[in-house]
Structures are given as structure tokens and as C-alpha cells.
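Since the structure comes first, as C-alpha cells, the remarks are kept for the end.
The values are calculated or read from the model by the stated rules, or taken from the named source; none is laboratory data. None of the values given here were measured: they were computed from a predicted structure. Please note: Cβ atoms are built from the backbone with ideal geometry, for glycine as well, and neighbour counts cover all protein chains shown.
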Amino acid sequence: MIRLEKRPQPSRLMSALTPVLAVVLTMVVGGMLFWALGANPFEAIRTLFWDPLFHPQFAAYSRPQLLVKAAPLILIAIGLSIGFRAGIWNIGAEGQYIMGAICGAAAGLAFYPSDSVLIFPLMILAGALGGWAWGMIPALLKTKLGTNEILVSLMLVYVAETILGSVATGLLRNPEGMGFPGSRNFKQWEAAHNAEIFAGTGTHWGVVAALIAVIFAYVLLSRHMLGYQVRLTGEAPRAARLAGVNPARMILFCLGLSGALAGMAGLFEVTGPAGQVTIDFGSGYGFTAIIVAFLGRLNPIGILLAGLLMALTYIGGELAQLMLGLPAAAIQLFQGMLLFFLLAMDVFTNFRIRLSQKAAA
Amino acid sequence: MDLSAINPVLLVASIMVSATPILLAALGELVVERAGVLNLGVEGMMITGAVVGFAIAVNTGSPLLGFVAAAVAASALSLAFGVLTQFLLSNQVATGLGLTLTGLGLSSLIGKPYEGIKSPTLPKLDLGPLSDLPVVGRMLFSHDIVVYFSLALVAATWAFLKYTRAGLILRATGESHDSAHALGYKVVLIRLAAILYGGACAGLGGAYLSLVRVPQWTEGMTAGAGWIALALVVFASWRAGRVLVGAYLFGGVTVLQLNLQAAGADVPVALLSASPYVVTILVLVVISARGHHGAPAALGKPFHATS
């Protein structure tokens, strides 16, 4: 009979190994899925994970896309992971991302067509504030009234989406856009354009911000008192309280930080790769970032790698759509499966598997 | 604005129809949570039920078969959640989220060929003289069978939890799994059964959405209905009767805002479209301001028998 025995401490080796195992398992099961959809499984996996980087024809285009897609995922996931560590479940990052984009874009557009160098920093600030404010709603409701932050932050995603629909066709619509929905195109406005810093690499300011966030989170969690308190709150809430950690401040900090980072990600997206505020500029990064956070073991360095891997599946998914005719939804399912297998594999991190005779009880 | 365009009889009738999906899903989740498990995957199970129910109904021509298939499919999906959380002891919040993300992907994959098709829908039940009553007949007694089934399920869930031995054991599991385990009850199996039941209910709710309420398949059509069902359980303080009240309240808000949009009310459309979600938040706030009560003590806590 198989028995689970709790490890005194989570295994470090297993903790590092499980994401790899999960990826391999997802590839196997995903391959079977693609096979069932009528594609050659080996070709499909190669298209997903290999071709975006090394295909002789497409790689030149898709390699820079890796950073473009990974940046928002990493930026959002870093914020989420700090909250998740403290047991604070912000799952409405998609809403904070949208509100950040709207606020940042609006702040910039108010000064159109100024060409001051201050425009873009102002927009970043406004974007972070927008996301922060949207994250503060569940945070304040949680601290003042004890309302469940999971449900509130999620409901706010739908509210943010209706606001986006409204401003993209109303308040922020391009007055010179001949009535088409969508704001002015930031790519045509030098001062507000989140342009590539090094041409052909995909490195825009969001990538820089994501890297800073990774370093910041690493230092915070491993070297700073606040990071220690975050970890303590998650692992032993009672002990944290006795040690003088203020739970309300912890909630405000975690939701505020993840909101601000998601808002910044939204702003970088809307001024760079997306170019304008449209109804559907979001691409669901806020939800995928949840998978990234877990896949990276809530660890900043892990999240960096997980974000790159997840970005790879996004680009590979587009290639697979183009070359093999695989539906876009198959990739979404693939990403969901990855999270599932990862959570399943986690049992090896926290438990030892023991085989024992049934009689021994 | 022309409010006289809103017919009160049809309004009540459509409130009942629009409340049924979330009522079914919330009743299922209620049982799951009373067993001490927090399954955040309701949205994913609902949309899976919606697409599978629709596909089967279109292919077989029988909406009832569609409902059965939806319940089975969503239940099968919830089995993944059950195995992960109960046997592999994964985090329930994360696994539930994973279930939702997986369900959304799976459903749009299955649903691609079914977009823009009409499905056979459920016939209205003929209740004889009751249906012929002047106003009340059209309001309450001219619905399809699932509406009445969901109402019966409210009573059944209430009676099951309050009066049966199995219901008592289920509640004990949710209040204190260690005590239930010490008394010799199989905590893991009880919870697994509750999870499967919750999945089936969510599947039925989803199928009602795609087969009766809309009736069509569009990607992401549940649009947060599963999350509203989760909020409903909190709103209802984990009691079946109050789930009914809550579901009809939310159904009312949804239908009313649609009617107001159609009547050209002098309110921004965005505000109206967002109103079901805003109302959900407001209700959660009011409920939580009153303080916590009714939540099963072991809700969301993993159970691992040490010996």
C-alpha cells in the first residue's frame, strides 16, 4: 500500500525538480491531445518549444517576441507571488492590468501632442497608480470589513472589462480615428511610445521593469525584514501576529504592490506592443501570470524562468496555429494542464512516498 | 426611456430562467463547501457543462441527453480537482483556479465547431390548469422542467443537510475532519463524493445556460456566472434556502439591467453591464460587515490522516 509521509521540511531538490517534471508530463499529455486533434505530436511539441527560437524562417521574428510576451507575465507574477506567499489571493490581476493601462494612457493623452520627456514617466506612474487603486478596493474591503479578497478582486476584472469597453469606444477614442473604436496610436507619438531600447531584441521598458522587479523581489524576500514578515504571515499567521506583524498592513502592501505592478505591465503593453487602448488588448496576461507565479514556485528567479517558458508557449501557440492549424484554445488548455500537473507533482515536495505492508498499522 | 415596454409578467418569468444556472451551480458548491472543500473551479466546470451539453444536444437532438452529458463531463473534470486536493493534498485555491483555467481552454477547444449553431431547446412543461391561470400561470407555471428541478433541489439539499444521517456526516466532515476521521468516517471519500456532486450541479447549470437561457454556444459564455455562484454561497451563509433567495436576486439584477438597456434607460450602458458584478461585490461587503458566521470550520483546510 502506498502511504504519504509528511516531510519535516519541504524538499529543496524536489521543489526545483517538480516544475521540470510537470513540463515533461504536460508535453507528453499535450502531445497526445495534439495527436487527437490530428496533428503530429512531435511536430506540435517542436513547433511550440523549439521553432520560436530556432526555426530558420520564423525565429528572427519570434525571438524578440519572447521578451515582449514574458515581460508583462513576469511583472504581474512577481507581484502576485509576494501576495500568494503571505496567503493573500489576488486573482484579479487582469483587472488591475486593464485599469493601469487605462489610467496611464489617459494621463498621457491629456497632454497630447506634447513632446516632453516627462510624458512617458508620468504615464508609468499613472499606470502604476491605476493598478494600485484597483487593487486597493479588495484590500480595503478585506481589512475594514473582512470581505473575501478572492471574489472581490475577480469580480473587479469584469467591471474593469466593461470600463475598458466603454472608454475604448468613448472617452479615450481617437478623435481622428474616423469613428473606429480604440485610442490614439502611441506608436505614432514619440514621447509616449514604449519603443524598443535595443532594436530587434524586443527589449522595451517593460522588460527592464520586469528585471528590476525580479531583483527587487529577490532582495525583499531573502534580505529584508518585510519579506521575512511576508513569508511568516503565509506559513504561520498566528506566529506572525505574535511577532508584531500587522495583518492589515500586510494585506494592503501585498494587494497594493501586485496591483501597481500589474498596472505598470498594462501601461507598458498598451504603449508598446499593443499600441493603443482597444477592447481586447489584454490577451489574458493577468490570468496566465497566476500559472507563471506557481510554476516559478513563488520564487523570483523561478518566475523569471517560468515567464520565459510561458511566453514561449504563447509564441509557439501562434506558430502552431499558423503552421499546423491547431486551435488557439489548445494552447490555453495546454497552459492550464501545466498548472495542474505542477500542483499534482507538488506532493513529492511536501511528502515522502512510502510503500508499506497493509498489515502494518 | 420607455419603462412601460417592460412587461412585469415576462420580467418575473425571465428572472426565474436567468437565475437557474447560478442556482444549480451554487447548490452544488454549497454541498462541497459544507464538506469542507473550497472548489474555486465552478466557472471552469460550468463552461465545460455548457459546451458538452450543447454539443451532445445538437448531435443527438435531445436536450435532456445534453443535460446528462453536461453533468457527467463537469463531474469528470471535478474528479481531477478531487484527486489533486484529496489524494495529492494540493492547495485548494490554486487547484480550483487551475480547474477554471483548464475548463475555459477545454471548452473553447470543444466548442469551436459549434459556434453559431442553434440547439434543440427544452419544451415548456404543461402543468394543465395551473399554466392557464391568468397572470401567475405565465409567470410561474410555464417553465421547462429544469427550473422546477432546481427548485426541488433547493428543498432536497436543505432536507438532506438538516434531516439525514448522511447530511450530518457530511457536515461533520466540514466542521472538523479530524473528529470525523476519529469516528471512523472516510473523510477523503466523503469529500470526493461531494466534489463530484458539485461538479455535476455546475455542469447542469452550464448546460442550462447554453441550451435554454441563451440558447447558443459562444466562447467564454459563462462570463463569471461560476464566480457569482461562489459568492452566492457566501451570501447565503451556507444555507440552501438563502441560496434560492440570492440566486433570484442576482437573476433579477441581470434581467433588469438587460431590460433597462433595451428600454434605452438614461444610464450609461457600461454601468448597467457591470451591475451584476458590482451588486455581487456590494452584497459580499454587506455580508462580511455583519461578521462571519455559517462558514464550515474546516473549509479549505487539507486533510491528511497521520496514521
State the number of residues belonging to segment B:142-166 that are over 14 Å from B:Leu23 (Cβ atoms) and among the hydrophobic types (A, V, I, L, M, F, W, C).
5
Based on what the data block shows, is A:Gln321 surrounded by fewer than 19 Cβ atoms within 10 Å (Cβ to Cβ) and in the same structural domain as A:Gly206 (by TED's automatic domain parsing)?
yes
What about A:Phe111, is it of a type in the set (Phe, Trp, Tyr), away from every other protein chain (no Cβ under 14 Å), over 21 Å from B:Ala295 (Cβ atoms) and touching a residue at least 12 places away in the same chain (Cβ under 8 Å)?
no
Only one residue in A:Ala191, A:Ala213, A:Ala217 is more than 14 Å from chain B (Cβ to nearest Cβ), part of a helix (DSSP H, G or I), touching a Ser or Thr at 6+ places or on another chain (Cβ under 8 Å) and surrounded by 22 or more Cβ atoms within 10 Å (Cβ to Cβ). Which one?
A:Ala217
Selection from segment A:106-159 of residues under 18 Å from A:Ala265 (Cα atoms) and either of a type in the set (Ser, Thr, Tyr) or not assigned by TED's automatic domain parsing to the domain that holds A:Leu80 (or both) yields A:Ser153
Return a yes/no flag: does segment B:262-285 have any residue that is more than 11 Å from chain A (Cβ to nearest Cβ), within 29 Å of B:Thr102 (Cα to Cα) and of a type in the set (Ser, Thr, Tyr).
no
Out of curiosity, is B:Gly226 more than 27 Å from B:Gly66 (Cα to Cα), in a helix (DSSP H, G or I), of a type in the set (Gly, Ala, Ser) and modelled with pLDDT of 85 or more?
no
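For (1) outside any helix (DSSP H, G or I); (2) in contact (Cβ under 8 Å) with a residue 60 or more places away in the chain; (3) facing chain B (nearest Cβ under 8 Å), each residue gets a yes or a no:
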| site | (1), (2), (3) |
| --- | --- |
| A:Ala293 | no, yes, no |
| A:Ile301 | no, yes, no |
| A:Met310 | no, yes, no |
| A:Thr313 | no, yes, no |
| A:Gln321 | no, no, no |
| A:Ala330 | no, yes, yes |
| A:Met337 | no, yes, yes |
| A:Phe341 | no, yes, no |
Residues of segment B:174-231 classified as within 23 Å of B:Ala19 (Cβ to Cβ), polar (S, T, N, Q) and over 15 Å from the mean Cα position of the chain (by Cα), total
2
Among residues belonging to segment B:286-301 that are crowded, with 18+ Cβ neighbours inside 10 Å and outside any loop (DSSP other than H, G, I, E, B), point out the one that is farthest from the other protein chains (Cβ to nearest Cβ).
B:Ile287
Consider A:Thr47 carefully, then state whether it is of a type in the set (Ser, Thr, Tyr), over 26 Å from A:Val207 (Cα atoms), in contact (Cβ under 8 Å) with a residue 40 or more places away in the chain and surrounded by 22 or more Cβ atoms within 10 Å (Cβ to Cβ).
no
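Test A:Lys144 against the stated conditions and say whether it is in a helix (DSSP H, G or I), more than 30 Å from A:Tyr61 (Cα to Cα) and of a type in the set (Lys, Arg).
Values: in a helix (DSSP H, G or I): yes; more than 30 Å from A:Tyr61 (Cα to Cα): yes; of a type in the set (Lys, Arg): yes.
When the stated conditions are applied, A:Lys144 passes them.
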Only one of (1) within 14 Å of chain B (Cβ to nearest Cβ); (2) in a helix (DSSP H, G or I); (3) closer than 30 Å to A:Val245 by Cα is not met by A:Gly100, so which one is it?
(1)
Which of (1) in contact (Cβ under 8 Å) with a residue 12 or more places away in the chain; (2) part of a helix (DSSP H, G or I); (3) out of contact with any Lys or Arg (no Cβ under 8 Å at 6 or more places or on another chain) does A:Leu326 not meet, given it meets every other one?
(2)
So A:Ala133 passes all but one of these: (1) surrounded by 18 or more Cβ atoms within 10 Å (Cβ to Cβ); (2) closer than 17 Å to A:Phe253 by Cα; (3) at pLDDT 90 or above. Which condition number does it fail?
(1)
For B:Val243, which of the numbered conditions (1) more than 14 Å from chain A (Cβ to nearest Cβ); (2) more than 29 Å from A:Val159 (Cβ to Cβ); (3) in contact with a helix residue (DSSP H, G or I) (Cβ under 7 Å, 6 or more places away or on another chain) fails to hold?
(2)
Is at least one residue of segment A:344-353 more than 17 Å from B:Leu106 (Cβ to Cβ), among the polar types (S, T, N, Q), more than 13 Å from the chain's Cα centre (by Cα) and more than 12 Å from chain B (Cβ to nearest Cβ)?
no
Inspect all residues belonging to segment A:140-163 and state whether any of them is among the small types (Gly, Ala, Ser), buried (at least 21 other Cβ atoms within 10 Å of the Cβ), more than 8 Å from chain B (Cβ to nearest Cβ) and in contact with a Pro (Cβ under 6 Å, 6 or more places away or on another chain).
yes
Every residue from segment A:53-66 that is in contact (Cβ under 8 Å) with a residue 24 or more places away in the chain and within 15 Å of A:Gly200 (Cα to Cα)
A:Leu53, A:Phe58, A:Ser62, A:Arg63, A:Pro64, A:Gln65, A:Leu66
Residue check, B:Trp217 within 10 Å of chain A (Cβ to nearest Cβ), in contact with a helix residue (DSSP H, G or I) (Cβ under 6 Å, 6 or more places away or on another chain) and not small (Gly, Ala, Ser)
no
Which residue, of B:Val51, B:Val93, B:Val32, is under 21 Å from B:Ala295 (Cβ atoms) and within 14 Å of chain A (Cβ to nearest Cβ)?
B:Val93
Given the conditions (1) closer than 22 Å to B:Ala236 by Cβ; (2) in a helix (DSSP H, G or I); (3) among the aliphatic types (A, V, I, L, M), report the number of the one that B:Val37 does not fulfil.
(2)
If I go through segment B:198-225 residue by residue, how many of them are under 27 Å from B:Pro123 (Cβ atoms) and surrounded by fewer than 19 Cβ atoms within 10 Å (Cβ to Cβ)?
5
Please find, within segment A:153-172, the residue that is modelled with the highest pLDDT out of those that are touching a helix residue (DSSP H, G or I) at 6+ places or on another chain (Cβ under 8 Å) and part of a loop (DSSP other than H, G, I, E, B).
A:Leu171
Of the residues in segment A:231-251, those that are more than 20 Å from the chain's Cα centre (by Cα), surrounded by 15 or more Cβ atoms within 10 Å (Cβ to Cβ) and of a type in the set (A, V, I, L, M) come to A:Leu232, A:Ala240, A:Val245, A:Met250
Can you work out which of the residues in segment B:58-90 that are away from every other protein chain (no Cβ under 14 Å) and not in a helix (DSSP H, G or I) is nearest to the chain's Cα centre (by Cα)?
B:Ser62
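If a residue must be part of a helix (DSSP H, G or I), aliphatic (A, V, I, L, M), free of Cβ contacts under 8 Å to residues at least 40 places away in the same chain and away from chain B (no Cβ under 11 Å), how many such residues does segment A:117-139 contain?
2
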